[in-house]
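Visitor: First the structure, which I've put down as structure tokens, then a few questions once you've had a look.
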Amino acid sequence: MSVWLELIVAGGIVVLSGYLLARVGERLGEVMGWGRTWVGLLLLSFSTSLPELFTSISSAGILKQPDLALGNNLGSVSFNLFIIALLDFMERGSFTHRLDPSLVLSSSFLIFFVFLFLVFLLLPVHGGFLGVGWDTFSVFLIYILALRVIFLHQHRERSKEKRKSLPGKGRLWVYYFLLGGVIFLSGVWLARTGERISQVTGLSRTFVGTLFLAMITSLPELSTTISCVRLGLPSMAVGNILGANLQNLVIPFFSDIVYRRGYILSAVSSSHLVTLLMGGLLTTVLLIGMTYRSRKVFLRMGWDGILIALIYLGGMYILFLNPFK
């Protein structure tokens with residue numbers, strides 16, 4: 001089977017599985033008494049982020065390419081946010097005014113993590129613990145704390161609503177894990193196919209990781225997010241994006257564990273600063289859009305969707321011109 005045919009087949013499996021996973025996630029939120037936002041932030045994002053985890057660990061531990069590993073994670077953060085611009089265009093109007101205000105907390109944490117990475121790349125932290133740098137280790141600990149805070153916030157909001165105890169939990173969990181497994185295996189297939197295609201491009205590892213591998217491994221997020229919107233679940237869709245981005249920023253901790261040539265953030269190119277700044281700007285625009293909640297439309301898109309598209313495309317152009325390998 002040719003590499004391009006593999007790309008089409010694996011992508012088709014991911015698209016179908018993403019649609020089914022969105023349906024199962026919606027039902028799980030109902031029977032478990034969870035909000036749709038929390039389902040997107042945790043359940044859907046966990047399943048759709050597995051390809052990024054596998055690809056980054058492989059790049060760092062097997063290929064010994066830290067730039068490829070980190071570029072995949074940071075590039076996925078930006079591409080996932082670019083999906084919101086695509087949703088704006090699909091919905092023919094501003095998308096962010098329909099989102100649950102509780103997503104502001106997750107967006108704020110995401111901005112915090114982005115700038116934490118900026119600090120670690122600009123001011124490298126020397127030393128570590130059991131082969132893991134203090135920088136990625138601290139990100140992992142703060143991520144656990146952030147999840148706890150987000151969960152408590154969601155629980156407080158949901159406690160105001162009357163909950164129902166519905167049957168069918170066991171069967172839905174089986175469907176969830178089965179579909180998650182299919183997305184994981186298809187995502188791994190996509191990632192390996194992407195690596196094979198990227199080997200003949202001759203582009204920098206940072207650019208290849210940030211654009212090509214990030215887009216390939218983010219296909220599960222794209223599929224699941226679009227499916228959520230089609231089902232009338234915009235907050236679950238963006239919750240999936242934000243949850244996946246938070247997980248993408250904690251994956252370097254696991255890459256650091258398998259990277260045996262030092263600490264991973266001390267071994268990467270400075271060109272990742274562009275990707276981080278792009279991710280921070282994109283998240284800030286999303287946060288402003290969710291707060292201001294404008295309904296104005298230009299060229300079938302809201303102003304925030306247009307800004308997200310311009311920032312992403314401009315950042316990728318800068319990375320394309322970047323001479324670092």
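Bear in mind these aren't lab numbers, they're just calculated from the coordinates by the rules spelled out. All of these numbers come straight from a predicted model, not from anything done at the bench. Note: ideal-geometry Cβ built from the backbone for every residue, glycine included; neighbour counts use all protein chains shown.
Visitor: Per Stokes-Einstein, at 4 °C and 1.567 mPa s, what whole-number D in µm² s⁻¹ belongs to region 1-148, with the Kirkwood radius over Cα pairs as the hydrodynamic radius?
Guide: 71
Visitor: In addition: What per residue convex hull volume, in Å³, comes out for the chain when only alpha-carbon positions are used?
Guide: Per-residue hull volume (Cα only) is 128 Å³.
Visitor: Once you have the Cα-Cα distance between Val119 and Arg261, take 0.36 nm times their residue separation minus that, and quote the gain in nm to one decimal.
Guide: Contour length minus the Cα-Cα distance gives 48.9 nm.
Visitor: Relative to the present Cα-Cα distance, how much length would full extension add between Ser294 and Val149 at 0.36 nm per residue of separation?
Guide: Here the segment from Ser294 to Val149 would lengthen by 49.4 nm.
Visitor: Next question. Whose amide H sits under 5 Å from the amide H of Gly133, counting only residues 5 or more places off or on another chain, with H placed in the peptide plane?
Guide: It is Ile264, by chain and number.
Visitor: I need the peptides 131-138, 243-250 ranked by packing, meaning the mean over residues of other C-beta atoms within 10 angstrom, with the highest value on top.
Guide: 243-250, 131-138
Visitor: Moving to a separate point now. Treat the count of other C-beta atoms within 10 Å as a stand-in for reagent exposure and order Thr48, Thr37, Thr283 from fewest to most.
Guide: Going from sparsest to densest Cβ surroundings: Thr283, Thr37, Thr48.
Visitor: For region 207-325, what log10 I(q)/I(0) values come out of the Debye formula at q = 0.21 1/Å, with one point per alpha carbon and no solvent?
Guide: -1.44
Visitor: Still on this structure, I have one more. Can you give the calculated 222 nm mean residue ellipticity of the chain, where each DSSP H run of n ≥ 4 adds -39,500 (n - 2.57) and the sum is split over every residue, rounded to the nearest 500 deg cm²/dmol?
Guide: Theoretical 222 nm ellipticity from helices: -24000 deg cm²/dmol.
Visitor: What is the pair-distance distribution P(r) of region 48-123, computed from all Cα-Cα distances in 5 Å bins starting at 0, with each bin given as a whole percent?
Guide: 3, 12, 15, 19, 20, 13, 9, 5, 2
Visitor: Moving to a separate point now. Rounded to the nearest 0.05, what FRET efficiency do Trp4 and Leu321 have when you use their Cβ-Cβ distance and R0 = 25 Å?
Guide: Using R0 = 25 Å, I get an efficiency of 0.35.
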